[in-house]
Amino acid sequence: MGKLQNLPFPILQSLDMNVKILPIILFIFWSSKVSAQSFETMLGTERIFIDAQYLKFFDEDRKISLFSRARATAEYDHQNTNLFTGAYLNYTTKKGVGGTVLGRISTIGSGVDVGIHYFKATKTVMIYALPSININDELLYSWFSIIRYTPTIKNDWKMYTSLELFSAFSEIGHLSSVQRIRLGIDKKGYQFGLAVNLNESRFSDTDINPGVFLRKQF
């Protein structure tokens, strides 16, 4: 262990952590190879974040679509590992507005949400925004959105920027919020650069996890 003890953080801690989350990484990776349109790994100062996303249209007019994702977050001290998978079934009108039914399963629970979304996609801009309400006895509503801007710089090089927002509320008010920010470069479907994940909770202090990301768009 003499040489290993001299390795910089977070490499030394991640050696042991990777053994425990390797099955999770492999499951999400091989799932993405089969069906996902993007796969991202974000190495932060506090934890690792993995995300696979998929978008499929079922008709020529692109009115009916399915957006799904599977993500995992694991701390380097392997105290906590959080998993989430969700499927968003959308019906979108020509104006970009429509209804959504969301089924989700996570480490902390599961549920079904319904809401109204806005979706727009061009060569340089993608916007998906969804306010929704959880279907159960307790009032729980949320806001989820992803905004990406990828303008061309030169030839095959593009700028890659992404902002993901999520906020949850109940009868007592704000419960939690998440912001995931990416700023980098795109080269033929490979995106890389700087990243930061922020988590705010009514019951704890704000958590900031800056780092770097590598994303592959299939």
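Before moving on, here are some points about what is shown:
- Residue list for region 129-155, restricted to those being under 18 Å from D186 (Cα atoms), among the hydrophobic types (A, V, I, L, M, F, W, C) and surrounded by 16 or more Cβ atoms within 10 Å (Cβ to Cβ): I146
- Within region 100-125, if we keep just the residues that are surrounded by 13 or more Cβ atoms within 10 Å (Cβ to Cβ) and among the hydroxyl-bearing types (S, T, Y), the residue that is modelled with the lowest pLDDT turns out to be S106.
- Consider region 176-216 and keep the residues that are of a type in the set (A, V, I, L, M) and open to solvent by 60 Å² or more (accessible area, probe 1.4 Å). The one that is farthest from T45 (Cα to Cα) is L183.
- The strands (runs of 3 or more DSSP E) located wholly in region 114-218 that include 3 or more residues which are under 15 Å from the mean Cα position of the chain (by Cα) and hydroxyl-bearing (S, T, Y) occupy 157-170.
- Whichever residue in region 48-99 is among the basic types (K, R) and closer than 19 Å to F166 by Cα and, among such residues, is most open to solvent (accessible area, probe 1.4 Å): R71
- Test: residue in region 74-85 that is out of contact with any strand residue (DSSP E or B) (no Cβ under 6 Å at 6 or more places or on another chain), farther than 26 Å from T150 by Cβ, of a type in the set (V, I, T) and modelled with pLDDT under 90: no
The values are calculated or read from the model by the stated rules, or taken from the named source; none is laboratory data. It should be emphasised that the depicted structure is a prediction, and the values quoted were computed from it without experimental measurement. As a convention, Cβ positions derive from the backbone with ideal geometry for all residues, glycine included, and neighbour counts pool all protein chains shown. Quick note on the areas: whole protein, heavy atoms, side chains included, nothing else; ligands and nucleic acids left out. Shrake-Rupley method; radii C 1.70, N 1.55, O 1.52, S 1.80 Å.
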